[in-house]
Amino acid sequence: MLMNPGISKVDFMKALDIGRPPNIVRLFPNSNALLVSGKFMDIAMLKKGKSMTIAANGRSYFIIRGALQAAQRANSVLIIEIAKSEGGRDAYCAINYWNMAKTVDSLCNELGITIPVAIHADHYAIKNKADLEKSKIEVPSMFDAGITSIAIDASHQPDAQNLLTNIGISPYVPRWAGLETEVGEIKGKSGLSTKEEALFLIQGLNAHDIFPNWIALNNGTTHGIEESSLGIQVELTAQIHEALTPYKVSGAQHGTSGNSSERLRAIANKTRTTKANVATALQMVAWGLAVNDYGNATIENNAFIKIKDEGVSEQLWDEMLTYATSKNLKLGDYKKLNLQFENKMLSQPKHIRERMADRVEEFIYHMLVSVFNAADTAPLAIEAILETGTYDPGPKSARIENPEDWTEEKILQKGAGMQGDKGPAGNFDD
């Protein structure tokens, strides 16, 4: 076992013994993969300061493999995640909530990965009461399958219902797990989150002894391939994070594709963001498409540019294009090719499979080291595991709010007076 700088084999084995949560120990009793609560990812970033790790969206085996190689090389902690639309019951990816941990664990053991990794269920959307009832069955099944961190996303609902939904699902999320909450759907310049909305959500959760590690905002970003001249609103984000200081909640940055490296460095330097989601860019990189500094695939004549001898084979790319055309897929819907073509990608010659993962590795390594300032955070997470002596470092905050001020009746009354703008209707899941 080749250890990274700052991590001794003795410390790693101790962390492996005490740092893996019960579901991971049960699933992988003989594993050498350090799969841990998302809480430790946040702790490591806060220890280093002005640092955020990548939450790499594992739409395919190749992205996960490349991400693990990059994080090991950067000596950084890593989050592997998938969103409900991508990896839920109606998924358009082969990687899903129920096989992601198994894929990561297998690759960690194969590659000799010794950095801590969290398995995150991103954008677990709960849009109504029917969804909430389903989630009470589905969320436990996801933790049974190895999830160690979750983002409860009820941001589609009015503020009061968002809060009540988070409270309603809380008993079904293990206390040791990393927890993310969201206010304001990710819709670009429309429906920007406000300080009042964020405080309402975090204060209400605090009153019910729920202490999120992260809050995601609509701070000007979009999901997908759109490059926005607006992008992340750094000052807005900083103001909201400052207002949340007493509750010790960090920021989760969604929609990083479409933002320049300069703007992403600013979000790390000037806000309390410790988690940055990267999704569409990694898909394009793995396939061998040309991408710019914004992580967006270059488009010419309403078509992506495939780089010869990069990513998938030219023959397979032609087949993917033919299929996309037959289904009338817009460029932004090429993500739906993942499930259809994962097995065909896995059946390519070894050198092509390796170059797909290697291209992802190079992209993520640059992000971790040169943009996110996440290098050498793996030892900090292991240090935190050893300091706490357990798989659960506990809540980040204590209860500040009075529960009597946050009954369901009072939440509905307060929510009725909120003036937040939810922006236009539509599908903004990923």
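The values are calculated or read from the model by the stated rules, or taken from the named source; none is laboratory data. Owing to the predicted nature of the structure, the values given are computational and were not obtained by experimental measurement. Note that we place each Cβ from the backbone using ideal geometry, even for glycine, and neighbour counts take in every protein chain shown.
Structure data summary
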quantity: Subset of segment 264-298 (residues that are within 13 Å of M52 (Cα to Cα) and among the charged types (D, E, K, R)); calculated: R265, K270, R272, K275
quantity: Where K50 falls short, out of the listed (1) part of a helix (DSSP H, G or I); (2) out of contact with any strand residue (DSSP E or B) (no Cβ under 8 Å at 6 or more places or on another chain); calculated: (1)
quantity: Within segment 399-410, considering residues that are in contact (Cβ under 8 Å) with a residue 40 or more places away in the chain and surrounded by fewer than 18 Cβ atoms within 10 Å (Cβ to Cβ), the one farthest from V25 (Cα to Cα); calculated: D405
quantity: Selection status of I186, modelled with pLDDT under 95, part of a loop (DSSP other than H, G, I, E, B) and out of contact with any strand residue (DSSP E or B) (no Cβ under 6 Å at 6 or more places or on another chain); calculated: yes
quantity: Segment 55-75 residues that are at positive phi, paired with ones that are of a type outside the set (D, E, K, R) and surrounded by 24 or more Cβ atoms within 10 Å (Cβ to Cβ) (beta carbon under 6 Å, 6 or more apart); calculated: N75/A378
quantity: Hits in segment 245-268 (condition: under 25 Å from G394 (Cβ atoms) and either small (G, A, S) or crowded, with 23+ Cβ neighbours inside 10 Å (or both)); calculated: V249, S250, G251, A252, Q253
quantity: Answer from T221, T237 - the residue that is at pLDDT below 95, β-branched (V, I, T) and part of a helix (DSSP H, G or I); calculated: T237
quantity: Flag if D17 is free of Cβ contacts under 8 Å to residues at least 60 places away in the same chain and either part of a helix (DSSP H, G or I) or among the β-branched types (V, I, T) (or both); calculated: yes
quantity: Residue within segment 35-46 that is of a type in the set (D, E), under 23 Å from P395 (Cβ atoms) and either without any contact (Cβ under 8 Å) to a residue 12 or more places away in the chain or touching a Phe, Trp or Tyr at 6+ places or on another chain (Cβ under 9 Å) (or both) present; calculated: yes
quantity: Check on G311, in a loop (DSSP other than H, G, I, E, B), touching a Ser or Thr at 6+ places or on another chain (Cβ under 8 Å) and crowded, with 16+ Cβ neighbours inside 10 Å; calculated: no
quantity: Count of segment 243-290 residues which are basic (K, R) and either more than 30 Å from Q203 (Cβ to Cβ) or touching a Pro at 6+ places or on another chain (Cβ under 7 Å) (or both); calculated: 1
quantity: Residue that is nearest to E86 (Cα to Cα) [pool: residues in segment 117-141 that are touching a residue at least 60 places away in the same chain (Cβ under 8 Å) and of a type in the set (A, V, I, L, M, F, W, C)]; calculated: A125
quantity: Hey, A44 assigned to a helix (DSSP H, G or I) and crowded, with 20+ Cβ neighbours inside 10 Å or not; calculated: yes
quantity: Near pairs, Cβ below 7 angstrom, 6+ apart or cross-chain, from segment 278-304 (more than 18 Å from I63 (Cβ to Cβ)) to any residue that is part of a strand (DSSP E or B); calculated: T298/V291
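Conditions tested, residue by residue: (1) assigned to a helix (DSSP H, G or I); (2) surrounded by 14 or more Cβ atoms within 10 Å (Cβ to Cβ); (3) modelled with pLDDT of 95 or more.
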| residue | (1), (2), (3) |
| --- | --- |
| G332 | yes, no, no |
| N343 | yes, no, yes |
| H366 | yes, yes, yes |
| A375 | no, yes, yes |
| A381 | yes, yes, yes |
| K396 | no, yes, no |
| L412 | yes, yes, yes |
| P424 | no, no, no |
| D430 | no, yes, no |
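One line per residue, one yes/no per condition, for (1) farther than 23 Å from S347 by Cα; (2) out of contact with any helix residue (DSSP H, G or I) (no Cβ under 9 Å at 6 or more places or on another chain):
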| site | (1), (2) |
| --- | --- |
| L34 | yes, no |
| G38 | yes, yes |
| A44 | yes, no |
| G58 | no, no |
| A71 | yes, no |
| D90 | yes, no |
| L107 | no, no |
| I119 | yes, no |
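For every residue, the table says whether it meets (1) crowded, with 24+ Cβ neighbours inside 10 Å; (2) in contact with an Asp or Glu (Cβ under 6 Å, 6 or more places away or on another chain); (3) acidic (D, E); (4) assigned to a loop (DSSP other than H, G, I, E, B).
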site	(1), (2), (3), (4)
I150	yes, no, no, no
Q157	no, no, no, yes
S170	no, no, no, no
L199	no, no, no, no
